[in-house]
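For reference, the structure discussed in these notes is given below.
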Amino acid sequence: MTDTHIDREALSVLRDVMEEGYPELLDTFLADSESRLGELQKTSDAKVLSEVAHSFKGSASNMGAVRLAALCQELESDAKDKSPAEIVKLVAEISGEFAEVRPVYESEKHPAHTH
Amino acid sequence: MQAQEPLTILIAEDSAADRLLLSTIVRRQGHEVLTAANGAEAVDLFRRQQPDLVLMDAMMPVMDGFEAARQIKALAGETLVPIIFLTSLTESEALARCLEAGGDDFLAKPYNQVILAAKIKAMDRLRRLQATVLQQRDLIAKHHDYLLNEQRVAKAVFDKVAHSGCLSAPNIRYLQSPYALFNGDLLLAAYTPAGDMHVLLGDFTGHGLPAAVGAMPLAEVFYGMTAKGYGLAETLREMNAKLKRILPVDMFCCATLLCLSFQRRSVEVWNGGMPDGYLHRIVSGERVPLAARHLPLGVLSAQAFDDRTEVHPMAVGDRVFLLSDGVIDTSDASDQLFGVERLQQVFAASREPDRLFEDIEQALRDFRGEARDDVSMVEVRLLEPAQVKPSAPVYSDSGQSCPLDWSVSFEFRGATLKRFNPLPYLLQLLLEVHGLRAQSGALYSVLAELYSNALEHGVLDLDSSLKRDAAGFARYYQQRNDRLEALQDGFVRVHLQVQPQGEGGRLVIRVEDSGKGFDVARVMERPLDGVRLSGRGVSLVRQLGYNASWSDEGRSARVEFSWEVEA
């Protein structure tokens, strides 16, 4: 895990802001992200893809998942121009990136984990 | 984060994580938070809870942020409910859509709590500013309504007072804008007990309520003193003193006061600061200017005030025309004044006397291009005495204290004759006798005639034959003023005697003077002639009947009034 995936400083700010609500925020983000991934994998409608990617990008950026946000941004702006194959590939990349960062958020939930 | 005054903030965001994060940040900054997951929920929450500020995601299911923003702005009406769009939108077109939908600012993701706090603060300032502006606007509107209402009430009260007079008399025509009172213009008319008519056209300095406040006391003095039989001089003195006392230094009242006498066929004029009025002699077509010879009312002290009047003879049908400076001071687009010359041109061109007002109005419209609302004009015609029907005075006493058997004598000597008019007092005393009230007009006329005969021809030794023509008429009144000024000795005595007689009673009035008297027999031989300007008023008194007789070589006059049943 390197800092090209996650903005660690953003995470530390979130922890400070949320205090005891931090684990709930992480859970919410993870659940939200899963349902969005599901939506992305289900559809080939460029407009829906773009909208879901937009929302996903927003929360990913708020949560410091910088690469995930960048991939979502790409899907949001290029969904209408990409071929179905390219889209499948991009959605797979997004899914992979989410799988990559997920353990970080899981581990952040434990109070023992401090900086 | 420093807490400001807590606001209720609505967060509309479909992403649960972002919503949770944002609510936590905003709550930690000390505000109340309401949350909605889409635009429709947001509008519904806004309707129910009226939050102060909205953080609105642009892209949301069910109803997007643009539509929700439009609806919320419509619901908020004049109140400023700032909407900050939450967006990671990057295209300028999309950002422009946020503003078009009523958005006031943006907040980009990822959220930065310092920037968010600063934006909430800035928007709150804007919101308060708008609220203050609205509050002040409403306050101003309220004050304005209040003022208008006050004016309506003041006008209603004043109209009652002003219309207690005789502006509706058949010989008066006038034109005044409905709110002329609040331009400081004032028009009053009332009958004297003798059936003469007093008319006042006044113009207070200033506009609005300040210009109108002086009108009440002025009207009160005018009506009160006219009804009691006071002449112009006393009424003017009282009005001047009253205004001088109550008005601030920079406020005064230009005024022309007329006494139109149908019996004597004359008009007495005092003009203080008003534009020239005009006496229009119908037969010759001549217009005699009635120029201002005095300072306005309320300027001079009682000692310095000049109550001298001018008297002009009139013929039946002659008209006196008065106007406010709104006519002459009307200016056109290039600030040129209408002026007296143009007014005279209207006079010259006006063929039909009854259309004079319309002609003047038309000329003003032609000159200026629009009508003004501070133009006052009045025209009074001299009628035959028989055509004048003064309204009967109203008495408010119970009638239980009517004195029926008494007599009283007065002697008014030189210094008193100069400045004191005893007639109102004498009349009031006599009107305590209820049986005389029905004849109050005649009683006053006769008393006034006898008194002025005694004073003018007796004490002052004025020659009534002077009054045969208009020039002599003026000379006569000039001499009267001069001699009165110089008066040292002499007296007028008035004896009143009231006795019961059957069911009614009888009043004997005797008036004596210290003058040279006159040849009673020769005067009595003359035919009764009411039309001449001259004659010692003897004609008038004889015409009225009442067993008039003269003794002591004309120095003592006697009349009788009687009544049948006590009123």
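The values are calculated or read from the model by the stated rules, or taken from the named source; none is laboratory data. From a predicted model like this one, the values you see are computed outputs, not experimental measurements. Note that we place each Cβ from the backbone using ideal geometry, even for glycine, and neighbour counts take in every protein chain shown.
Within the set B:Gly206, B:Gly224, B:Gly195, the sole residue that is in the same structural domain as B:Asp307 (by TED's automatic domain parsing), farther than 23 Å from B:Leu279 by Cβ and part of a loop (DSSP other than H, G, I, E, B) turns out to be B:Gly206. Note on region B:407-454: among residues that are over 26 Å from B:Asp489 (Cβ atoms) and not in a helix (DSSP H, G or I), the one that is modelled with the highest pLDDT is B:Ser407. For region B:14-24, taking the residues that are at the interface with chain A (Cβ under 7 Å from one of its Cβ atoms) and in contact (Cβ under 8 Å) with a residue 24 or more places away in the chain, the one that is surrounded by the fewest Cβ atoms within 10 Å (Cβ to Cβ) is identified as B:Asp14. Considering region B:87-121, and only residues there that are under 20 Å from A:Ala53 (Cβ atoms) and of a type in the set (Lys, Arg), the residue that is surrounded by the fewest Cβ atoms within 10 Å (Cβ to Cβ) turns out to be B:Arg97. Among the residues making up region B:50-60, those that are without any contact (Cβ under 8 Å) to a residue 60 or more places away in the chain and either touching a strand residue (DSSP E or B) at 6+ places or on another chain (Cβ under 6 Å) or within 12 Å of chain A (Cβ to nearest Cβ) (or both) are B:Pro51, B:Val54, B:Leu55, B:Met56, B:Asp57, B:Ala58, B:Met59, B:Met60.
Every listed requirement among (1) within 30 Å of B:Thr226 (Cα to Cα); (2) among the charged types (D, E, K, R); (3) in the same structural domain as B:Arg19 (by TED's automatic domain parsing) is met by B:Arg173 save one, (3).
Conditions (1) buried (at least 20 other Cβ atoms within 10 Å of the Cβ); (2) within 29 Å of A:Leu14 (Cα to Cα); (3) in the same structural domain as B:Ile120 (by TED's automatic domain parsing), marked per residue:
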| position | (1), (2), (3) |
| --- | --- |
| B:Val26 | yes, yes, yes |
| B:Glu41 | no, yes, yes |
| B:Pro61 | no, yes, yes |
| B:Phe66 | yes, yes, yes |
| B:Ala69 | yes, yes, yes |
| B:Leu75 | no, no, yes |
| B:Val81 | yes, yes, yes |
| B:Ile84 | yes, yes, yes |
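When you scan region B:534-551, do you find a residue that is crowded, with 18+ Cβ neighbours inside 10 Å, at negative phi and at pLDDT 85 or above, even just one? Scanning region B:534-551, I find at least one residue that is crowded, with 18+ Cβ neighbours inside 10 Å, at negative phi and at pLDDT 85 or above, so the answer is yes.
Results for (1) within 11 Å of chain B (Cβ to nearest Cβ); (2) over 20 Å from B:Ala12 (Cα atoms); (3) modelled with pLDDT of 90 or more, shown as yes or no for each residue.
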| site | (1), (2), (3) |
| --- | --- |
| A:Thr4 | no, yes, no |
| A:Ser33 | yes, no, yes |
| A:Arg36 | yes, no, yes |
| A:Leu40 | no, yes, yes |
| A:Ala46 | no, yes, no |
| A:Ala53 | yes, no, yes |
| A:Lys57 | yes, no, yes |
| A:Ala65 | yes, yes, yes |
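Listed conditions (1) of a type in the set (Val, Ile, Thr); (2) within 13 Å of another protein chain (Cβ to nearest Cβ); (3) more than 19 Å from A:Ala53 (Cα to Cα) are all met by B:Ile83, apart from (2). Would you mention how many residues in region A:64-88 are in a helix (DSSP H, G or I) and without any contact (Cβ under 8 Å) to a residue 40 or more places away in the chain? Qualifying residue count for the region: 13. Selection of region B:178-220 for residues being crowded, with 20+ Cβ neighbours inside 10 Å, touching a helix residue (DSSP H, G or I) at 6+ places or on another chain (Cβ under 6 Å) and under 20 Å from B:Leu431 (Cβ atoms) yields B:Ala190, B:Thr192, B:Pro193, B:Ala194, B:His198. Take B:Ser452 and decide whether it is closer than 23 Å to B:Asp307 by Cα, of a type in the set (Ser, Thr, Tyr) and in the same structural domain as B:Asn421 (by TED's automatic domain parsing). Yes, satisfied. Being in contact (Cβ under 8 Å) with a residue 24 or more places away in the chain and small (Gly, Ala, Ser) is the filter; apply it to region B:80-104 and report the residue that is nearest to B:Pro6 (Cα to Cα). Per the criteria, the residue is B:Gly103.
Filtered by the rule that a residue be within 14 Å of chain A (Cβ to nearest Cβ) and closer than 25 Å to A:Glu19 by Cα, region B:31-49 gives B:Val33, B:Thr35, B:Ala37. Just one of A:Ser107, A:Ser61 is part of a helix (DSSP H, G or I) and either within 14 Å of chain B (Cβ to nearest Cβ) or within 24 Å of B:Val114 (Cβ to Cβ) (or both); which is it? Result: A:Ser61 is the single residue among A:Ser107, A:Ser61 that is part of a helix (DSSP H, G or I) and either within 14 Å of chain B (Cβ to nearest Cβ) or within 24 Å of B:Val114 (Cβ to Cβ) (or both). Within region B:105-115, being in contact with a Phe, Trp or Tyr (Cβ under 9 Å, 6 or more places away or on another chain) and either within 14 Å of chain A (Cβ to nearest Cβ) or in contact (Cβ under 8 Å) with a residue 24 or more places away in the chain (or both) holds for B:Phe106, B:Leu107.
Results for (1) under 20 Å from B:Asp276 (Cα atoms); (2) buried (at least 20 other Cβ atoms within 10 Å of the Cβ); (3) more than 23 Å from the chain's Cα centre (by Cα); (4) modelled with pLDDT of 90 or more, shown as yes or no for each residue.
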residue	(1), (2), (3), (4)
B:Pro296	yes, yes, no, yes
B:Asp307	yes, no, no, yes
B:Glu310	yes, no, yes, yes
B:Asp318	yes, yes, yes, yes
B:Thr330	yes, yes, no, no
B:Phe367	no, no, yes, no
B:Asp373	no, no, no, no
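In this structure, B:Gly298 does satisfy being touching a Cys at 6+ places or on another chain (Cβ under 7 Å), farther than 21 Å from B:Phe262 by Cβ, assigned by TED's automatic domain parsing to the domain that holds B:Phe347 and not polar (S, T, N, Q). Taking the conditions (1) within 14 Å of another protein chain (Cβ to nearest Cβ); (2) in contact (Cβ under 8 Å) with a residue 40 or more places away in the chain; (3) over 22 Å from A:Glu24 (Cα atoms); (4) among the aliphatic types (A, V, I, L, M) in turn, B:Ile11 satisfies each one other than (3). Quick check, is B:Val446 surrounded by 19 or more Cβ atoms within 10 Å (Cβ to Cβ), more than 20 Å from B:Ser266 (Cα to Cα) and of a type in the set (Val, Ile, Thr)? Considered against the rule, which asks whether it is surrounded by 19 or more Cβ atoms within 10 Å (Cβ to Cβ), more than 20 Å from B:Ser266 (Cα to Cα) and of a type in the set (Val, Ile, Thr), B:Val446 comes out as no. Residue-level check: of (1) facing another protein chain (nearest Cβ under 9 Å); (2) among the hydroxyl-bearing types (Ser, Thr, Tyr); (3) more than 10 Å from the chain's Cα centre (by Cα), A:Tyr22 misses just (1). Would you confirm whether any residue within region B:116-138 is at pLDDT 90 or above and within 14 Å of chain A (Cβ to nearest Cβ)? Yes, there is a match, as at least one residue in region B:116-138 is at pLDDT 90 or above and within 14 Å of chain A (Cβ to nearest Cβ). Consider region A:67-88 and keep the residues that are more than 10 Å from chain B (Cβ to nearest Cβ) and of a type in the set (Asp, Glu). The one that is nearest to A:Val13 (Cα to Cα) is A:Glu74. Cβ-Cβ contacts under 8 Å between residues 6 or more apart (or on different chains), taken from a first residue in region B:203-214 that is aliphatic (A, V, I, L, M) to a second residue that is in a strand (DSSP E or B), are listed as B:Ala211/B:Phe204; B:Ala212/B:Phe204.
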